[in-house]
Amino acid sequence: MKKKNKTGLIVLLIICGIIIGIISTIIVMTLINKNSDGKTQETQQTTTVETQSEGETFDDSTPDDPIPTDETNIAVIKVNDQTVTMQEINVYLYQLRDFYTAQYGESPWNTEMEDGTKLHERAKTDLYDGLIRTEILDSKAADYDVALTDEEKQQCADEAKTYIEDLGPAIAKDFALTEEGVKTMKEKQALSTKVYNAALERLAETAEDTSDEALSKAFEEQYEAWKSEYNITTDPIWENIVIGSVG
């Protein structure tokens, strides 16, 4: 049993690293169905929504109007009955907004990837996949008899409160960040981690090959089977989101 726990933990760290790495690569600034007023860009900006024609060079400039609070509550992605709101997405975007600029420079979004796609296109795809995975894993919590304890929920709430307080009201407003959005994101992340670990433990119980690579592959196959059974839809808002830099 110790071997299984150790294996599960190792693979958990690997996969969680992949998932977090995917999400952490993203910085998206969205402004929904609003035109830029032509004002000079400020250091802190909100999400930009723009349309691009094929072959057009991506412009990562952003307007300085914050996202209206009512729009942050829109369900941008639905996975069966579960939803991902804009306020959740905004937290991911802000927390990890420096990742690509640290890797590729201040204006990395037109960088061409190995498969020919632009960095801003890859980032958006990776964000989407990560959000879907979290929702699907969370939906399996009952199947694996796992849930967040009251203490874990309180920890998420406390961390969310501290996070927003540390940011300050100006930054929170500029990026449409809310305490509720941070708390929801943290709870979903914590639950998906517990589900993943439980799923890995169950796979290890019957697997002939319990190596990290074999268990990782087995889980991915199981996840793809789960995903095929879900009805996944997006609000038109998602199509209008363009990945961009900040500051």
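The values are calculated or read from the model by the stated rules, or taken from the named source; none is laboratory data. Predicted, not measured: the structure shown is a model, and the values here were computed from it. So basically every Cβ, Gly included, is an ideal-geometry build from the backbone, and we count neighbours across all protein chains shown.
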Single condition P108 does not satisfy, out of (1) at pLDDT 75 or above; (2) closer than 28 Å to S192 by Cα: (2)
Test: T210 is polar (S, T, N, Q) and either under 15 Å from I89 (Cα atoms) or assigned to a loop (DSSP other than H, G, I, E, B) (or both): yes
Test: residue in segment 76-85 that is among the acidic types (D, E), surrounded by fewer than 14 Cβ atoms within 10 Å (Cβ to Cβ) and modelled with pLDDT of 85 or more: yes
Tally, over segment 206-247, of residues that are of a type in the set (V, I, T) and closer than 24 Å to D81 by Cβ: 5
Residue within segment 161-183 that is of a type in the set (A, V, I, L, M), buried (at least 16 other Cβ atoms within 10 Å of the Cβ) and farther than 21 Å from E88 by Cβ present: no
